[in-house]
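> One structure follows; several queries about it will come next.
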Amino acid sequence: MQKLVIGIDVSKEKLDLCLKLGEDILKEWVLPNTVEQLKSSFKSLLKEHKCNVSDVLICAEYTGQYTYPLCCACEELGVDLWLENPAQIKHSSGIQRGKNDKLDARKIAAYAVRFQDKARLFSLPEKNIASLRQLISERDLYIIDKGKYQGQLNDQKRFMSKSDYQKKSKRLKKLIEELETCITAIENEIEQLIDNDETLSKQHRLLCSVDGIGERTAIKMIVETNAFKDFDNARKFCCHAGVAPFEYISGSSIRSRNHVSNRADKSIKALLHMAALVVATRKKEGELREYYLKKTAEGKNKMSVLNAIRAKLVLRMFAVIKNDKPYQKNYQFSFA
């Protein structure tokens, strides 16, 4: 039996929905983006078509927090939800002229009908993971704002009259102080949340045992991998983080050096880069520093070597979680 497929274009205030059975469009409608409206509509749909929740597949583009009501409604009803990368749908839909939400819903529904055998079903992360994600996002927002205000404080002293600068710096210092208080409060809340969860606490401890991995990188890894449930191996995560190189060759005329893709999570990539810099350039000796010095002495590009170190750090983090043991610098394999 073919599944009923619902393609949904998600926006902040409303959802455009397109119901398809095979190639036929059965219904198109618009709903407010609320959990109650979605649940009511889906229940009516199931009753109207005399089908079970297992006979329905809902597909939508992942648009961040705007998909949250849809996720909650599907979770409560037990309906299969597939959140797909918008770029994946765009590049598989051919040339399109014109754009509106109704057409986008049709496009998503058509994509889901065609590729439903490849659907990756979504489930809401556990409450603590969701809370961690929100806290990290809020902390990063305050850190960015603090940096902007600090830049104003440092850069404009020479370019303003003394009296104007004193008034401005007083206001800026007050803002910076308030942001620092908020950042400290959030970091305390993150620490408490991790300490109170046995799984998160253990994973955090294991990740921090890897040379070069600090608190922020460890927490970000836990959140990005959904406590290492969403990625079954390190290579897939390297692609996600943009540290896996790919070849670029076409015919005999285009032969570029291997390089990483821009389609990546830049936030985790930045943290991995800082971790790689720490282990590669610090004064303290270590195997990754020795690797960096050896490869650069051979004439290798410094950024390529740093990228290789990023990948090595990812491999080590996945290894300590998989083996359920802290990282050992001088580990020797035994056949006994």
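> Going out from 0 in 10 Å bins, what whole percent of all Cα-Cα distances in the chain drops into each bin?
5, 18, 23, 23, 19, 9, 2, 0
> Please report the antiparallel percentage of the DSSP beta bridges confined to the chain, to the nearest 5.
70
> So if we plug the beta-carbon distance of Glu28 and Phe246 into 1/(1 + (r/R0)^6) with R0 = 35 Å, what FRET efficiency do we get, rounded to 0.05?
Efficiency at R0 = 35 Å is approximately 0.35.
> Which of the three applies to segment 118-254, rounded, prolate or oblate, going by the alpha-carbon gyration tensor with a ≥ b ≥ c and a/c under 1.5 meaning rounded?
oblate
> Using a Cα-Cα cut-off of under 25 Å, which lysines could be cross-linked to Lys302, ignoring same-chain neighbours fewer than 8 residues away?
Of all the lysines, those that pass the test against Lys302 - Cα under 25 Å, at least 8 places apart if same chain - are Lys236, Lys266, Lys269, Lys283, Lys284, Lys294, Lys312, Lys329.
> Based on the mean of other beta carbon atoms within 10 Å per residue, what is the order of 194-201, 17-24, 150-157, most packed first?
For the peptides 194-201, 17-24, 150-157, the packing ranking is 17-24, 194-201, 150-157.
> Compare the peptides 265-275, 217-227, 316-326 by average per-residue count of other Cβ atoms within 10 angstrom and give them in order, highest first.
By packing density, highest mean first, the sequence is 217-227, 265-275, 316-326.
> Long-range amide H contacts for Lys27: which residues qualify at under 5 Å (H placed 1.01 Å from N, peptide plane, sequence gap of 5 or more or a different chain)?
Sorted by chain and number, the residues that satisfy this are Leu19.
> Over segment 12-107, consider all pairs of different Cα atoms and compute the Kirkwood hydrodynamic radius from their mean reciprocal separation; express it in Å, one decimal.
Every distinct Cα pair counted, the radius reaches 14.2 Å.
> Computed FRET efficiency, Cβ-Cβ of Cys72 and Gln156, R0 41 Å: what is it to the nearest 0.05?
In this case the efficiency is close to 0.35.
> Can you give the extra length, in nm with one decimal, that the chain gains between Gln96 and Tyr165 once fully stretched, where that is 0.36 nm per residue apart less the Cα-Cα distance?
Gain in length upon complete extension: 19.5 nm.
> For the chain, with a Gaussian network of springs between Cα atoms less than 10 Å apart, report the residue from Val279, Val305, Val53 with the top mean-square fluctuation.
Val53
> State the Cα centre-to-centre distance between segment 271-294 and segment 129-172 in whole Å.
The distance from the Cα centre of segment 271-294 to that of segment 129-172 comes to 31 Å.
> Report the gain in length on full extension from Cys239 to Asp195: 0.36 nm times residue separation, minus Cα-Cα distance, nm rounded to one decimal.
12.8 nm
> I would also like to ask the following. Indicate, rounded to the nearest 5 percent, the antiparallel portion of the DSSP beta bridges found entirely in segment 4-118.
60
Just so you know, all these numbers are worked out from the coordinates, no wet-lab data involved. Model, not experiment: these values are computed from the prediction. In this analysis, Cβ positions are derived from the backbone assuming ideal geometry, glycine residues included, and neighbour counts consider all displayed protein chains.
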